[in-house]
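See structure below.
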2 protein chains.
Amino acid sequence: MEVFTDKHLMREWSRRVRQAGETVALVPTMGALHEGHLRLVELASAEADRVVVSIYVNPTQFDRAEDLAKYPRTLHTDLKALEGTSCKAVFAPTEMYLPGSATWVTVEGLTDHLCGLTRPGHFRGVTTIVSKFLHVVEPDVAIFGNKDYQQRRVLEQMVRDQDFPIRVVAAPTVRERDGLAMSSRNARLPPEARQRAVAIPRALEAAKDSYDGGERRVGALLGPVRTALEAAGATIDYVEIADDATLAPLPDEARITTPAVLAIAAFFGGVRLIDNVALYG
Amino acid sequence: MEVFTDKHLMREWSRRVRQAGETVALVPTMGALHEGHLRLVELASAEADRVVVSIYVNPTQFDRAEDLAKYPRTLHTDLKALEGTSCKAVFAPTEMYLPGSATWVTVEGLTDHLCGLTRPGHFRGVTTIVSKFLHVVEPDVAIFGNKDYQQRRVLEQMVRDQDFPIRVVAAPTVRERDGLAMSSRNARLPPEARQRAVAIPRALEAAKDSYDGGERRVGALLGPVRTALEAAGATIDYVEIADDATLAPLPDEARITTPAVLAIAAFFGGVRLIDNVALYG
């Protein structure tokens, strides 16, 4: 496994691989790797000949300085964790933005809702950095996890609209035994908050059961979710059922008639967690 | 010379060329090709093994619907003109934006001034489409003309900030015998307006002479330019001396102490013309 901190050396490696007729998959991460990331690597290795994992805590996608400061940075452990996988190269740049950087890539519409509302500037930071990574690594395939559902959708739209020569693969959410979605942020949860946080997947599952049982009223599906999260001591950022095409939330009075997604963002012990479930068919 | 209207076929050609070890230069144009464009092609052929000319009237960079409607479209003649040159491939897409496109590439700062002020949204359209072309054609080199000085600078910043694996080459402005900068828009000038438009290069030249003679007062340099343009019946959009690093205009009371550019945008016979001269050293 090779580790690159320099953009040009990273690109040279990728071009050498592709010149030799092999394909490259990129798994962009912010490090603090967990089992979920390793499953992305596994999935990537089924999609291309060589897997590149990028590790970079991107400052432009943090809307709160405190969140950026507290984001776990564990490069040494991350590299160790990747050693046993099919990851062939790690891109861990020390600097991605030159002084005076002034260029942004933005996706309108999909970013108007959910995390786009409560984390101003977040998606602009994500699309700007991922576009840069695509220019440096030049992969054939990029893997994005479905836990960050809105992010995955926004990046797919960027790739499509900007004619990136890249195939996007969405990876299913990987969960802890009790159902909590794996996230680098889980490491920051105080133990009692970690226990309470299981309310998120349980509430999603209950809502999905209710939907599968025929319930289509948005308010009737969301009510129990909100109640369960509050009972677990969460501070709710949002709990919404969004139209899957636009990600615009449906009002409580509406009924679901087209594919939708139930999305949650909630704070437990000061840590913001997100999760979602598809309401289809 | 090959002509591609399909993005994927265009990219395949470019990849085939580069796979064979040759380099590709892209000359992006909106068609209505004139001698200035052909000089860009010549320059490009000195910079790379194969030259691609793109021809596409990009709707998103027009701030006025009337300007877009009146922009000359002469594909047949353009292809004829390129036949005799070292252009190896033409990319003339019929459609560049998929329905529902919502992604923008923007450059802040440099676009706050000059044409960025008087043509709202113009540069956002330019950077968005050029980024798309770079993803489709995947050139090693891109050629931008210096007549559109602010555009060239904005695109250079985009390429740098976004880590595009591309070298930008700036091409000198090509002029008619009387000094008028070549532009596709010149074809739309009524004959009498075409004659009057020579006031632009003459005013620039006079200002440059004055600068070379030691004049550093912004107002003293700009005054005669404004007077000459008005005497020629122009409707001035802007006449400014801008700091070359930021493109922010200097106030009339200031003195030039660092590299600057004198930039003009003015309407003659309803047609908007631009030109500029560097004030260095």
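Is there a residue in the stretch B:61-75 that is surrounded by fewer than 18 Cβ atoms within 10 Å (Cβ to Cβ), in contact with a His (Cβ under 7 Å, 6 or more places away or on another chain) and over 26 Å from A:GLN19 (Cβ atoms)?
For the stretch B:61-75, residues surrounded by fewer than 18 Cβ atoms within 10 Å (Cβ to Cβ), in contact with a His (Cβ under 7 Å, 6 or more places away or on another chain) and over 26 Å from A:GLN19 (Cβ atoms): present.
Quick one: is B:LEU180 surrounded by fewer than 23 Cβ atoms within 10 Å (Cβ to Cβ) and not assigned by TED's automatic domain parsing to the domain that holds B:SER54?
Yes: the conditions hold for B:LEU180.
When the stretch A:132-165 is examined, which residues are found to be within 14 Å of chain B (Cβ to nearest Cβ) and outside any helix (DSSP H, G or I)?
A:GLU138, A:PRO139, A:ASP140, A:ALA142, A:GLN162, A:ASP163, A:PHE164, A:PRO165 - these are the residues of the stretch A:132-165 that are within 14 Å of chain B (Cβ to nearest Cβ) and outside any helix (DSSP H, G or I).
Taking A:LEU204 and the conditions (1) assigned to a helix (DSSP H, G or I); (2) in contact with a helix residue (DSSP H, G or I) (Cβ under 7 Å, 6 or more places away or on another chain), which numbered condition does it fall short on, given that it satisfies the others?
(2)
Within the stretch A:80-108, track down each residue that is polar (S, T, N, Q) and touching a residue at least 12 places away in the same chain (Cβ under 8 Å).
Within the stretch A:80-108, A:THR85, A:SER86, A:THR94, A:THR103, A:THR106 meet the criteria.
Quick check, is A:VAL17 in contact with a Lys or Arg (Cβ under 8 Å, 6 or more places away or on another chain) and either closer than 16 Å to A:ILE129 by Cβ or in the same structural domain as A:VAL136 (by TED's automatic domain parsing) (or both)?
yes
Quick one: count up the residues across the stretch B:236-281 that are hydroxyl-bearing (Ser, Thr, Tyr), modelled with pLDDT of 95 or more and either over 17 Å from B:PRO224 (Cα atoms) or exposed (fewer than 14 other Cβ atoms within 10 Å of the Cβ) (or both).
3
Name the pairs: first residue in the stretch B:195-216 and assigned by TED's automatic domain parsing to the domain that holds B:ARG255 and among the polar types (S, T, N, Q), second residue part of a helix (DSSP H, G or I) and surrounded by fewer than 17 Cβ atoms within 10 Å (Cβ to Cβ), Cβ to Cβ under 9 Å, at least 6 apart or on different chains?
B:SER210/B:ALA220; B:SER210/B:PRO224
Tell me, yes or no, whether the stretch B:31-43 has at least one residue that is within 16 Å of the chain's Cα centre (by Cα), within 30 Å of B:PRO251 (Cα to Cα), in a loop (DSSP other than H, G, I, E, B) and modelled with pLDDT of 95 or more.
Within the stretch B:31-43, not a single residue is within 16 Å of the chain's Cα centre (by Cα), within 30 Å of B:PRO251 (Cα to Cα), in a loop (DSSP other than H, G, I, E, B) and modelled with pLDDT of 95 or more.
Looking only at the stretch A:91-118, filter to residues that are closer than 23 Å to B:PHE123 by Cβ and among the polar types (S, T, N, Q); which one of those is farthest from the other protein chains (Cβ to nearest Cβ)?
A:THR111
The values are calculated or read from the model by the stated rules, or taken from the named source; none is laboratory data. Remember, predicted model here, so these are calculated numbers, not experimental data. Quick reminder, even Gly has a Cβ in these numbers, built from the backbone with ideal geometry, and neighbours come from all protein chains shown.
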